[in-house]
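The values are calculated or read from the model by the stated rules, or taken from the named source; none is laboratory data. In this text, all values refer to a predicted model and were calculated from it rather than measured experimentally. Backbone-built Cβ (ideal geometry, glycine too); neighbour counts: all protein chains shown. To get the accessible areas, we keep the full protein, side chains included, count just its heavy atoms, and leave off ligands, DNA and RNA. Shrake-Rupley method; radii C 1.70, N 1.55, O 1.52, S 1.80 Å.
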Amino acid sequence: NSAGTAEPGEPPRVSNAFMASYFFAQFCGWLAIFTPIVLTIALKVNGLLPGEEKNAGLGQILAIGAFFALVAGPLWGAISDRTRLRFGKRRTWILAGSIILVSGLVVIASAESLSQVGIGWMICQTGANATQASLYAVMADAVPPSQRGRMSGILGMCVPLAMLTGTFLTQFTTGNDWAMFLVPWLPSVIALPLFCYLLPDGPARSVPPFSLPKFLSGFWVNPLAYPDFGWAFLSRFLVLMAAAFLLTYQVFFFIDRLGVAPEDVPGYIFITKLTIGILTVTLTPIAGWLADRFGRIKPFVVLPALSRTAGLLAARVADPLTIFLVAAVLVGIGQ
C-alpha cells in the first residue's frame, strides 16, 4: 500500500487510497467543466439564438472563457503558492474554486441571454482554474518522484473519462437546463472534500512576494532563441486547434447538417467519444512501443497528423451519420 521509504527531502510515499482519491477529485473537477465545453453550452446557445447567429455566439463565449483560463490558471497557482491560511494553501482553493465554479453554472443554467451565458462561463473558468491549479500543484507537493510516473498515468485518464461520462449523463438531463449544468458538478461534493481530508497540506512558507513583471514573463519563450521549443509549441498548438474546431461545433453539426434532434445529440456524441476513447487507449501504448522499437519519432507524429486531417475532412463532407462516425474513427486513430 505504501511500501518503501522516501529519499531525504522528498514527500513520503502516498497510499493507494490517496492515489484513488486524487484521481476521483481530478476526474470530478474535469467532469464539471468539460461537460459544458463539449456539449451543454452549445445546447444552451442553440436554444437562445436562431440560425447562423448561434455559431458566432458560441465561438465568442468559448473564446472569452479560454482567455480567462489562460490567465486564471497561472494566477491562481501563484496565489495558492502564497496562501498562508491554516486550512492549507491547496485545500483552500480546491474547495473555493469548486464553489465559484458552481455559482457560474447556476448563472448559465438560469440565463436568458447570450451575455448572461458569457458572464456565467467567465465565472466558471475562474473557479475551475482555481481548483485545477491547486490540484496540479499537489503532484509536486505530496507525491514523491518515485510515484509520479504512476500517478501521472492514472491522472492522464481523467480528461477522456470525464468527457465520456459527461456526454453519457447529458443523455438523461437534456431539456432541463439546471440538470444539464449541475448534475456533472454534483460528484465534486463528495470527491473534493474527501481528497482534502487525505491531503497533507498547510500554509505557505518562505515564498517570495508576487511580482507582476516576473509573472507575465513566464508566458513568453523566444522561439528564435529556442527553435526546438518554438516548433514543438507551434505543432502542438495547430493540432489542438484543429481538435478544438471539431469539439466546439460538433453539436451544431449534428443538429444543422445531419438533422439530429437536439435531445438526441448527447447520445450520438457519446458514441463518437466512446469510439475515440477506445482507440486512444488501445493505440497509444502501441504507438509508443513502435516508436521505441524503431527509434524514430517523426513518423509517429506525421502519420497520425495525416489521419486526423483525413478525419476532419471526412467530417466536413459527411452527410450520412455513418460517414461522420468513420471520420471519428480516423480522428481517434490519429489521436
Subject >> Surface/4 estimate of mean projected area, convex hull on alpha-carbon atoms of the stretch 6-82, nm² >> reply: 7.5 nm²
**OP:** Mind checking the stretch 49-148 for GluC sites (Glu not before Pro) that DSSP puts in a loop (not H, G, I, E or B) and that have at most 14 other Cβ atoms within 10 Å?
**Re:** Glu52, Glu112
Subject >> Accessible-area value, Ser146, 1.4 Å probe, nucleic acids and ligands omitted, Å² >> reply: 80 Å²
Original post:
In debye to the nearest 20, how big a dipole does the chain give about its Cα centre with +1 on each Lys and Arg Cβ and -1 on each Asp and Glu Cβ?
Top reply: 920 debye
Original post:
At 37 °C and 0.692 mPa s, what whole-number value in µm²/s does Stokes-Einstein give for the translational diffusion of the stretch 133-272, with Rh from the Kirkwood sum over Cα pairs?
Top reply: 168 µm²/s
Original post:
Using only helices, what value at 222 nm comes out for the chain when you add -39,500 (n - 2.57) per DSSP H run of length 4 or more and divide by the total residues, to the nearest 500 deg cm²/dmol?
Top reply: -24500 deg cm²/dmol
**OP:** Provide Leu31, Leu258 ordered by accessible surface of protein heavy atoms (probe 1.4 Å), highest first.
**Re:** Leu258, Leu31
Original post:
Lys273: which aspartates and glutamates have alpha carbons under 16 Å from its alpha carbon, excluding same-chain residues fewer than 8 sequence positions away?
Top reply: Asp264
Original post:
Which whole-Hz ³J(HN,Hα) couplings does the stretch 284-297 yield from phi under the Karplus relation 6.51 cos²θ - 1.76 cosθ + 1.60, θ = phi - 60°, glycine and proline marked x?
Top reply: 4, x, 5, 4, x, 5, 5, 4, 5, 5, 9, x, 10, 9
**OP:** At q = 0.17 Å⁻¹, work out log10 I(q)/I(0) for the stretch 183-335 with the Debye formula, treating every Cα as an identical point scatterer and leaving solvent out; two decimals please.
**Re:** -1.05
Original post:
What area, in nm² and to one decimal, does the C-alpha convex hull of the stretch 158-232 cast on average over all directions?
Top reply: 10.1 nm²
Original post:
Semi-axes of the stretch 1-142's equivalent ellipsoid from the Cα gyration tensor, sqrt of 5 times each eigenvalue, largest first, rounded to whole Å?
Top reply: 36, 15, 12
Original post:
Expressed in nm², what is the orientationally averaged projection area of the convex hull enclosing the Cα positions of the stretch 134-179?
Top reply: 4.3 nm²
Subject >> Where labels lie 7 Å past Cα in the beta-carbon direction, separation of Thr282 and Phe237 in nm >> reply: 3.5 nm
**OP:** List the relative contact order of the chain as a percent without decimals, with contacts defined as Cα pairs under 8 Å and 6+ residues apart.
**Re:** 22 percent
**OP:** Give me the lysines in straight-line cross-link reach of Lys89: C-alpha distance below 29 Å, same-chain residues under 8 apart excluded.
**Re:** Lys214
Original post:
Could you give me the ³J(HN,Hα) list for the stretch 199-207, computed from phi with Karplus coefficients 6.51, -1.76, 1.60 and θ = phi - 60°, whole Hz, x at Gly and Pro?
Top reply: 7, x, 8, x, x, 5, 9, 6, 10
Original post:
Size of the chain along its principal axes in angstrom, Cα-based, largest extent first?
Top reply: 61, 54, 44
Original post:
In the chain, which longest range has no trypsin sites (Lys or Arg not before Pro) that are both DSSP loop (not H, G, I, E or B) and surrounded by at most 12 other Cβ atoms within 10 Å?
Top reply: 87-204
Original post:
In whole Hz, what ³J(HN,Hα) sequence does the stretch 168-176 give by Karplus (6.51, -1.76, 1.60; θ = phi - 60°), x for Gly and Pro?
Top reply: 5, 5, 5, 4, 9, 10, 4, x, 10
Original post:
To the nearest 10 Å², what's Leu325's accessible area with a 1.4 Å probe?
Top reply: 60 Å²
**OP:** For the stretch 72-139, compute Rh as the Kirkwood radius over C-alpha pairs and then the Stokes-Einstein diffusion coefficient at 20 °C and 1.002 mPa s; write the answer in µm²/s, rounded to an integer.
**Re:** 177 µm²/s
